[in-house]
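What follows is a short report on a single structure.
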Amino acid sequence: MTIRLSTQIEGLDWLALAEVFERAPLGTRDPATLELSFRNSQSRCFVYADGRIIGAGRALSDGVLWCVIFDVVLLPEYQGQGLGRAIMDSLAEQAGAAQVMLYAAPGKEAFYAKLGFKMMKTAMAKFANVERALVRGLIE
Ligand SMILES: CC(C)(COP(=O)(O)OP(=O)(O)OC[C@H]1O[C@@H](n2cnc3c(N)ncnc32)[C@H](O)[C@@H]1OP(=O)(O)O)[C@@H](O)C(=O)NCCC(=O)NCCS
């Protein structure tokens, strides 16, 4: 099996990527919104196994001081093989910023801690759907 990382967005199968999110699991995504969010992100990483999309990640960056990473995701059968770390490394390298911020999906904090991320004492977010953020365990 050939694993390949790519930043190429043209020709991407957004329905297939939405299925990756669904199965990972990282939530149900509308393919059109997924495409817009990835197109509008400065850094993107897509992972393919034998030509089939199996993972992704994206980051917003000012190119100097900060980048914010979102949507790091892999199909379950490809998790635990170092590919999450590879996506994170690729995004940080492309972003070219000194500092990286993110919020972990509940239960995934240890993955990011392994990569050197620290819990922040004052991080805050204004969610569009506060109820959903509560249910997901993102806020108290
Ligand atoms: C979270 C996720 C991206 C991690 O990717 P991955 O390929 O499984 O992780 P890696 O194999 O690169 O792991 C890197 C290191 O983190 C550790 N790690 C990975 N997931 C972990 C977890 N849930 N808890 C503790 N440690 C974890 C690995 O053991 C490895 O440690 P090592 O370098 O000492 O061997 C992947 O599991 C995933 O897609 N999960 C579902 C979607 C999701 O929740 N994404 C996160 C959104 S914030």
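Any read-out appearing in this document is the output of simple, stated calculations on the displayed coordinates, not a laboratory observation. Note that the structure is predicted; figures quoted are calculated from it, not measured. As a convention, Cβ positions derive from the backbone with ideal geometry for all residues, glycine included, and neighbour counts pool all protein chains shown.
What number, rounded to the nearest 500 deg cm²/dmol, is the helix-based mean residue ellipticity at 222 nm of the chain, given -39500 (n - 2.57) per DSSP H run of at least four residues and division by all its residues? Let's see the in-between values first.
Numbers: 5 runs with 44 residues, N = 140.
The per-residue figure over the chain is -9000 deg cm²/dmol.
What shape does region 59-140 have by the C-alpha gyration tensor, where a ≥ b ≥ c are the square roots of the eigenvalues, rounded means a/c under 1.5, and otherwise prolate means a/b greater than b/c and oblate the rest?
Details: a/c = 1.82, a/b = 1.16, b/c = 1.57.
Cα axes put region 59-140 in the oblate bin.
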>> Through the Karplus equation 6.51 cos²θ - 1.76 cosθ + 1.60, θ set to phi - 60°, convert the phi angles of region 64-75 into ³J(HN,Hα) values in whole Hz; use x for Gly and Pro.
In response: 10, 9, 9, 10, 10, 9, 9, 6, 7, 8, 9, 4
> Taking a spot 7 Å from the Cα of residue 70 along the direction of its beta carbon, which residues of region 1-35 have an amide N less than 18 Å from it?
Replying inline: 9, 14-15, 17-22, 26-35
> Using 1/(1 + (r/R0)^6) with R0 = 22 angstrom and r between the beta carbons of residue 50 and residue 9, what's the FRET efficiency to the nearest 0.05?
Replying inline: 0.65
> Working from the pairwise distances between different alpha carbons, so that the mean of 1/r is found and then inverted, what is region 7-62's Kirkwood radius in Å?
Replying inline: 11.5
> Using mean Cβ contacts within 10 Å as the protection proxy, how do 38-48, 121-131 order, highest first?
Replying inline: 38-48, 121-131
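If you take the square roots of the eigenvalues of the alpha-carbon gyration tensor of region 41-90 and sort them as a ≥ b ≥ c, do you get rounded (a/c under 1.5), prolate (a/b over b/c) or oblate?
Details: a/c = 2.79, a/b = 2.11, b/c = 1.32.
In terms of gyration-tensor shape, prolate.
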> When the chain is treated as a GNM, springs tying every alpha-carbon pair under 10 Å, which of 31, 76, 106 comes out with the largest mean-square fluctuation?
Replying inline: 106
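Semi-axes of the equivalent ellipsoid for the chain, please: Cα gyration tensor eigenvalues, times 5, square-rooted, ordered largest first, whole Å.
Numbers: eigenvalues 102, 66, 50 Å².
Result for the chain: semi-axes of 23, 18, 16 Å.
Out of the GluC sites (Glu not before Pro) in region 3-84, which ones are loop residues according to DSSP with at most 14 other C-beta atoms within 10 Å? List each step's numbers first, then the result.
Values: sites: 10, 19, 22, 35, 77; in loops: 10.
Here the GluC sites (Glu not before Pro) that fit, given the DSSP loop and packing criteria, are 10.
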